[in-house]
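Just below is one structure, and these are the notes that go with it.
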Amino acid sequence: RRRHEAELRAQPAVTADGHRVEVAANANRPDQAAAALDAGAEGVGLMRTEFLFLERASAPDEEEQAAIYRAMVDVMAGRPIVIRTLDVGGDKQVPYLDLPREQNPFLGIRGARLCLRRPDLFEPQLRALYRAARHGPLSIMFPMVTTIEEVEQLRGLAERVRAQLGAPRVPLGIMVEVPSVAVMAEQFAEHVDFFSIGTNDLTQYTLAVDREHPELAAMANSLHPAVLRLIERTVAGARVHGKWVGVCGGLAGDPLGAVILVGLGVDELSMSARDIPAVKARLRSVTLVAAREIALRALGCETVAEVRALEAAVDGAGT
Ligand code: PEP
Ligand code: MG
């Protein structure tokens, strides 16, 4: 039985009618990537590089970062890895960066806004990423993007660094976690190679609920139909330009959420390694046809509770 479980973990997630879903893990360090492989991950869908910058006295330099990204590539041995550039600000504060205090840190200089203002941090990171890209498949992703101008600037900086190093081109994507990007996904999709939807922040910014607020935790629910409609719109915009869409926020690791996301047409789900076995089992238990039907019903719901009640429909959709 244990042997059977181990074998099942290593199998891809294929729905009961044969649709394959890419299941990846969120992993920030090489040892976490190795653990994710054991749990059945087919790739790393999100490496949050800010964790390299936390709990230390100064920023990791280009050499140190290059060694870590290279180690990730080596552990993953040819499987895809999406590495996100520095996403500090907001809830993630780094004392030695001397970031100005802000009234509304979640609406302030975080993610791509910081990357664009701090070439002293961003350029060494880009150089380290392109050096690691010589050793295996790696995609670069930019966090907290809000406007097309930002995308153009981010891509321009990345391309300049790449050309200086004579490094290979890599896919350049963005996080979809600000409603402006979801609403204008069709336009953004022309300028990027892929999207990864960050449902944690997309929910926070859509519902105007601080994702860390102790009293509002129940409200900050990514199954809200407004969030699901933005995800639908994101996938539709990506499709117009044939671009790939993943989800790396918490909704991907929720079995019902995963079914709805697959039904909405998402290509890849990236989650914490411990959620992988339950999500794979859930996806194996439904057909793509049923997942699409459940996703359509979810889009028509008025409340989170109504969406959550679709769990019963998923249970009934098993073969
Ligand atoms: C998200 O916002 O959903 C996401 C994956 O990014 P983070 O949780 O690191 O903000
Ligand atoms: Mg986020």
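Where a number appears in this text, it was derived from the coordinates with a stated rule and is not lab data. What you see is a predicted model; the values in this text were computed from it and never measured. Using ideal geometry, Cβ is built from the backbone for each residue, glycine included, and neighbour counts are taken over all protein chains shown.
Residues checked against (1) assigned to a helix (DSSP H, G or I); (2) of a type outside the set (Val, Ile, Thr):
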position	(1), (2)
Arg3	yes, yes
Val21	no, no
Ala33	yes, yes
Glu50	yes, yes
Glu55	no, yes
Ser58	no, yes
Arg70	yes, yes
Asp74	yes, yes
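Kindly list the number of the only condition in (1) surrounded by 22 or more Cβ atoms within 10 Å (Cβ to Cβ); (2) β-branched (Val, Ile, Thr); (3) more than 14 Å from ligand 1 (Cβ to nearest atom) that fails for Val145.
(3)
Restricting the search to region 138-179, which residues are within 20 Å of Gly237 (Cα to Cα) and hydrophobic (A, V, I, L, M, F, W, C)?
Across region 138-179, the qualifying residues are Met141, Phe142, Met144, Val145, Ile148, Val151, Leu172, Ile174, Met175, Val176, Val178.
Can you find, within region 114-172, the residue that is nearest to Arg70 (Cα to Cα) among those that are in a helix (DSSP H, G or I) and small (Gly, Ala, Ser)? Before the answer, list the steps.
Taking region 114-172 as the starting set, the residues that turn out to be in a helix (DSSP H, G or I) are 114-117, 119-135, 148-165.
From what is left, the residues that are small (Gly, Ala, Ser) are 128, 132-133, 156, 158, 163.
Details: Ala128: 9, Ala132: 5, Ala133: 8, Gly156: 23, Ala158: 18, Ala163: 19 Å.
Per the criteria, the residue is Ala132.
Could you go through region 43-50 and let me know if any residue there is more than 20 Å from Arg155 (Cα to Cα), more than 14 Å from ligand 1 (Cβ to nearest atom) and buried (at least 19 other Cβ atoms within 10 Å of the Cβ).
Looking for residues that are more than 20 Å from Arg155 (Cα to Cα), more than 14 Å from ligand 1 (Cβ to nearest atom) and buried (at least 19 other Cβ atoms within 10 Å of the Cβ), one finds at least one in region 43-50, hence yes.
From the set of residues in region 173-187 that are within 16 Å of ligand 2 (Cβ to nearest atom) and not in a loop (DSSP other than H, G, I, E, B), which is farthest from Arg117 (Cα to Cα)? Steps first, answer last, please.
Restricting attention to region 173-187, the residues satisfying the condition of being within 16 Å of ligand 2 (Cβ to nearest atom) are 173-182.
Next, from what is left, pick out any that are not in a loop (DSSP other than H, G, I, E, B): 173-176, 179-182.
Details: Gly173: 19, Ile174: 17, Met175: 18, Val176: 20, Pro179: 22, Ser180: 21, Val181: 20, Ala182: 24 Å.
That would be Ala182.
Does Ala66 meet the test of being more than 17 Å from the chain's Cα centre (by Cα), more than 15 Å from ligand 2 (Cβ to nearest atom) and either buried (at least 23 other Cβ atoms within 10 Å of the Cβ) or not in a loop (DSSP other than H, G, I, E, B) (or both)?
Yes: the conditions hold for Ala66.
Consider only pairs whose beta carbons are under 6 Å apart and that are at least six residues apart or on different chains; among these, list those whose first residue lies in region 137-163 and is among the polar types (S, T, N, Q) and whose second residue is away from ligand 2 (no atom under 16 Å from the Cβ) and assigned to a loop (DSSP other than H, G, I, E, B).
Ser139/Val170; Ser139/Pro171
Considering Phe195, Phe188, which residue is closer than 18 Å to Asn26 by Cα and free of Cβ contacts under 8 Å to residues at least 60 places away in the same chain? Explain how you work it out, then say what you get.
Values: Phe188 fails: closer than 18 Å to Asn26 by Cα.
From the options Phe195, Phe188, the qualifying one is Phe195.
Here is a list: Leu107, Leu126, Leu114. Which entry is more than 18 Å from the chain's Cα centre (by Cα), within 16 Å of ligand 1 (Cβ to nearest atom) and within 26 Å of Ala24 (Cβ to Cβ)?
On the way: Leu107 fails: within 26 Å of Ala24 (Cβ to Cβ); Leu126 fails: within 16 Å of ligand 1 (Cβ to nearest atom).
The unique qualifying residue is Leu114.
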